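Reviewing the structure listed below.
The values are calculated or read from the model by the stated rules, or taken from the named source; none is laboratory data. Please read these numbers as outputs of a predicted model, since none were measured by experiment. Every residue, glycine as well, gets a Cβ built from its backbone with ideal geometry; the counts of neighbours run over all protein chains shown.
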Amino acid sequence: QKEVEQDPGPLSVPEGAIVSLNCTYSNSAFQYFMWYRQYSRKGPELLMYTYSSGNKEDGRFTAQVDKSSKYISLFIRDSQPSDSATYLCAMTTDSWGKFQFGAGTQVVVTP
Amino acid sequence: EAGVAQSPRYKIIEKRQSVAFWCNPISGHATLYWYQQILGQGPKLLIQFQNNGVVDDSQLPKDRFSAERLKGVDSTLKIQPAKLEDSAVYLCASSLLGEAFFGQGTRLTVV
């Protein structure tokens, strides 16, 4: 079993819809959680960074962490074609630790 | 603020040849990572440096891969000899307080 599980998609949504992404994990020691966006042939770009449980909002993006269920989510409101990319979740046990990544979910937003 | 710089962007070599990648992290970032990303998968950590010391190299194939970080700044990753399964994108990332920022990556094709 992988430490971090993420549905590879593709997830296809119409423009303006809410995109819902999630990851599950098995290591209860994870405390720092990140979401990255990766366009084709580009490096991952940090979108959201959260510590422990709770919600964090930044513009159209909302990240949720539920440590009791070992489940994290990313929501993208009012999705745009430019949001079409692969979204990677990542997590680590401490701020110095190695990041464990999910496999990434491909999102396609159609006009 | 300048991002993480990597070179070259692309490299094609024959199996059994050697290759080296270079990374210049964000100024002031003590932690530097090298990740390998195979097509369709999330990044996998190869090695993590804290300043110029190795923190984690448990997944680095040490019979063929080597890495160094000179003076705690720039880093090079070398593969010698390369195998077909080394074809991947090699990503360098740096972090200061837990948030990791990635470079554009080097796409290696071994033929």
(message) Just to check your reading of the model, which residue among A:THR110, A:THR24 is of a type outside the set (D, E, K, R) and either touching a Cys at 6+ places or on another chain (Cβ under 9 Å) or surrounded by 13 or more Cβ atoms within 10 Å (Cβ to Cβ) (or both)?
(response) A:THR24
(message) With within 28 Å of B:TYR33 (Cα to Cα), small (Gly, Ala, Ser) and assigned to a loop (DSSP other than H, G, I, E, B) as the only criterion, which of A:ALA103, A:ALA90 stands out?
(response) A:ALA103
(request) Would you mind telling me which numbered condition in (1) touching a residue at least 60 places away in the same chain (Cβ under 8 Å); (2) touching an Asp or Glu at 6+ places or on another chain (Cβ under 7 Å); (3) within 11 Å of chain A (Cβ to nearest Cβ) B:ILE26 fails? (result) (3)
(message) Consider the stretch B:39-59. How many of its residues are closer than 16 Å to B:GLY103 by Cα and surrounded by fewer than 14 Cβ atoms within 10 Å (Cβ to Cβ)?
(response) 0
(request) Go through the stretch B:60-79 and give me each residue that's buried (at least 16 other Cβ atoms within 10 Å of the Cβ), in contact with a helix residue (DSSP H, G or I) (Cβ under 9 Å, 6 or more places away or on another chain) and not β-branched (Val, Ile, Thr). (result) B:PHE65
(message) So for the stretch A:2-18 (the condition being more than 28 Å from B:GLN6 (Cα to Cα), without any contact (Cβ under 8 Å) to a residue 12 or more places away in the chain, within 14 Å of another protein chain (Cβ to nearest Cβ) and in a strand (DSSP E or B)), does at least one residue qualify?
(response) no
(request) Please work out if B:PHE21 is in contact with a helix residue (DSSP H, G or I) (Cβ under 9 Å, 6 or more places away or on another chain), over 26 Å from A:MET48 (Cβ atoms) and at pLDDT 95 or above. (result) no
(message) Against the condition touching a helix residue (DSSP H, G or I) at 6+ places or on another chain (Cβ under 6 Å), farther than 18 Å from B:HIS29 by Cα and either more than 13 Å from every other protein chain (Cβ to nearest Cβ) or among the aliphatic types (A, V, I, L, M) (or both), how does B:VAL89 come out, does it pass?
(response) no
(request) Search the stretch B:47-75 for residues that are on the phi < 0 side of the Ramachandran plot and within 14 Å of another protein chain (Cβ to nearest Cβ) and pair each with any residue that is surrounded by fewer than 19 Cβ atoms within 10 Å (Cβ to Cβ) and among the aromatic types (Phe, Trp, Tyr) when their beta-carbon atoms are under 9 Å apart and the residues are at least 6 apart or on different chains. (result) B:GLN48/A:TRP96; B:GLN50/A:TRP96; B:VAL55/A:TRP96
(request) Find the residue count for the stretch A:38-71, including only residues that are more than 14 Å from every other protein chain (Cβ to nearest Cβ) and closer than 17 Å to A:GLN106 by Cα. (result) 1
